[in-house]
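Peer 1: After the structure tokens below, expect a handful of questions from me.
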Amino acid sequence: MSTDDIVILTGAGISAESGVPTFRDAGGLWEGHRFEDVATPEAFARDPVLVQRFYDLRRAALPTVHPNAAHRALAELAARWPGRLTLVTQNVDDLHDRAHAEAPPGAGFELIHMHGEIMKARCTASGVVMDWPGPMAAHEPSPHHPAGRMRPHVVWFGEIPLEMDRIEAALAACGLFVSIGTSGAVWPAAGFVRAARAAGARTVEINLEPSMGTHLFDESRLGPASVEVPRWVDELLSPPQGARA
Ligand code: BV8
């Protein structure tokens with residue numbers, strides 16, 4: 001374990017102030033739908049028109065929203081942190097990507113979209129992933145395989161999250177685990193704090209309200225991400241009091 005290695009987990013709460021609705025705020029309804037009706041493989045098989053329209057709406061809204069001070073603070077940390085910094089996001093929006101494009105990260109940084117990315121599509125036959133900023137038909141032919149069709153490159157409920165090996169390796173080696181803007185309702189992300197504690201890491205939660213796993217954190221900072229995350233990053237990057245300049 002190196003205290004220089006940090007793992008940060010973000011959830012919908014970090015994008016809330018950018019105008020991206022969270023999963024929980026609407027009482028667990030997304031654009032008026034239960035997740036079982038729009039974010040499972042069964043839903044896609046049952047009603048591909050509904051599912052594709054659900055993603056088309058969210059994809060079309062993304063260019064109208066922008067990274068907020070919390071995304072930008074994490075980008076600044078990624079650019080200046082001397083150790084390894086692994087940013088695992090549950091979010092399928094591209095706000096972290098855009099913030100880091102504005103502030104090129106250091107060599108020890110990696111961004112992992114464990115639930116996929118809404119601006120990308122995947123061929124169901126070949127698994128090829130490609131950028132897909134526009135709408136997608138219910139039965140969108142795949143340019144990569146005659147028997148394939150395109151689906152949103154997101155991880156639905158009941159599907160295995162992406163890059164779990166890399167995430168588990170980072171958690172096992174980190175000295176600091178910080179969870180930002182997540183309710184702790186969705187697994188396996190909700191269990192990452194336990195893995196970090198088992199590795200001996202210090203654990204910090206930054207959220208508007210205590211999450212479902214708040215008792216598992218050494219420290220809890222409650223407030224909006226756009227205020228609390230820049231404050232936390234400033235503290236982390238400032239030399240300890242009394243340190244030589
Ligand atoms: C899996 C992509 C096996 C799609 C998403 C019973 C018990 C335990 C687990 C399960 C169970 N039944 C089923 C499961 C498994 C299931 C699950 O967890 N279900 C839940 C509903 C109980 N999980 C799965 O199916 C996962 N796969 O388990 O496979 C496996 C596991 C490991 C290894 C091998 C095999 C797959 C889950 C992925 C689902 N896909 N997204 C899409 O987006 O369309 S998840 C989706 O919901 C989002 O991506 C997001 O991750 C999640 C919502 O969670 P949050 O991000 O936390 O958002 P939420 O709204 O809940 O909370 C927001 C928080 O922010 C709040 O706390 C709020 O207070 C705070 N906040 C608000 N504003 C602010 C703020 N904080 C700071 N500042 C603010 N301004």
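The values are calculated or read from the model by the stated rules, or taken from the named source; none is laboratory data. Remember, it's a predicted structure, so these values are computed and weren't measured experimentally. Positions of Cβ are generated from backbone atoms using ideal geometry, with glycine treated the same way; all protein chains shown enter the neighbour counts. Quick note on the areas: whole protein, heavy atoms, side chains included, nothing else; ligands and nucleic acids left out. Shrake-Rupley method; radii C 1.70, N 1.55, O 1.52, S 1.80 Å.
Peer 1: How many residues does region 19-35 contain that are near the ligand (Cβ under 9 Å from one of its atoms) and either modelled with pLDDT of 95 or more or not in a loop (DSSP other than H, G, I, E, B) (or both)?
Peer 2: Residues flagged as near the ligand (Cβ under 9 Å from one of its atoms) and either modelled with pLDDT of 95 or more or not in a loop (DSSP other than H, G, I, E, B) (or both) within region 19-35 amount to 2.
Peer 1: Another question, if that's okay. Select, from G191, G175, G158, G184, the only residue that is within 20 Å of G13 (Cβ to Cβ) and either touching an Asp or Glu at 6+ places or on another chain (Cβ under 9 Å) or part of a strand (DSSP E or B) (or both).
Peer 2: That would be G184, the only listed residue that is within 20 Å of G13 (Cβ to Cβ) and either touching an Asp or Glu at 6+ places or on another chain (Cβ under 9 Å) or part of a strand (DSSP E or B) (or both).
Peer 1: Okay, next question. Check whether at least one residue in region 131-148 is in a loop (DSSP other than H, G, I, E, B), of a type in the set (F, W, Y) and more than 10 Å from the ligand (Cβ to nearest atom), and report yes or no.
Peer 2: Yes: one or more hits.
Peer 1: Any chance you could count how many residues in region 133-161 are open to solvent by less than 30 Å² (accessible area, probe 1.4 Å) and closer than 14 Å to R53 by Cα?
Peer 2: 6
Peer 1: Here is a further query. In region 72-102, how many residues are touching a strand residue (DSSP E or B) at 6+ places or on another chain (Cβ under 7 Å), aliphatic (A, V, I, L, M) and closer than 23 Å to P161 by Cα?
Peer 2: 5
Peer 1: Could you check, for region 66-73, whether at least one of its residues is modelled with pLDDT under 95 and under 19 Å from G116 (Cα atoms)?
Peer 2: no
Peer 1: Answer yes or no as to whether V7 is near the ligand (Cβ under 10 Å from one of its atoms), among the aliphatic types (A, V, I, L, M) and surrounded by 13 or more Cβ atoms within 10 Å (Cβ to Cβ).
Peer 2: It is false that V7 is near the ligand (Cβ under 10 Å from one of its atoms), among the aliphatic types (A, V, I, L, M) and surrounded by 13 or more Cβ atoms within 10 Å (Cβ to Cβ).
Peer 1: Let me ask something else. Under 8 Å between Cβ atoms, which residue pairs at least 6 apart in sequence (or on different chains) link something in region 43-54 that is free of Cβ contacts under 8 Å to residues at least 60 places away in the same chain and crowded, with 20+ Cβ neighbours inside 10 Å with a partner that is among the charged types (D, E, K, R) and not in a helix (DSSP H, G or I)?
Peer 2: What qualifies is F54/E31.
Peer 1: Would you say N68 is within 13 Å of the ligand (Cβ to nearest atom), within 30 Å of A137 (Cα to Cα) and not acidic (D, E)?
Peer 2: Taking the combined requirement at face value, the residue does not satisfy it.
Peer 1: Further question on the same structure: Assigned to a loop (DSSP other than H, G, I, E, B) and open to solvent by less than 40 Å² (accessible area, probe 1.4 Å): does that describe T203?
Peer 2: Against the criterion (assigned to a loop (DSSP other than H, G, I, E, B) and open to solvent by less than 40 Å² (accessible area, probe 1.4 Å)), T203 does not qualify.
Peer 1: Six or more apart or on different chains, Cβ under 9 Å: which pairs go from a residue in region 79-91 that's over 19 Å from A196 (Cβ atoms) to one that's open to solvent by 50 Å² or more (accessible area, probe 1.4 Å)? Could you list them?
Peer 2: Pairs that qualify, where the first residue is over 19 Å from A196 (Cβ atoms) and the partner is open to solvent by 50 Å² or more (accessible area, probe 1.4 Å), are A79/P104; A79/P105; P82/D4.
Peer 1: Counting residues that are open to solvent by less than 20 Å² (accessible area, probe 1.4 Å) and under 23 Å from S226 (Cα atoms), which strands (runs of 3 or more DSSP E) fully inside region 55-126 reach at least 3?
Peer 2: 85-89
For every residue, the table says whether it meets (1) in contact with a strand residue (DSSP E or B) (Cβ under 8 Å, 6 or more places away or on another chain); (2) in contact (Cβ under 8 Å) with a residue 40 or more places away in the chain.
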residue: R166; (1), (2): yes, yes
residue: I180; (1), (2): yes, yes
residue: A190; (1), (2): no, no
residue: A196; (1), (2): yes, yes
residue: A199; (1), (2): yes, yes
residue: T203; (1), (2): yes, no
residue: P240; (1), (2): no, no
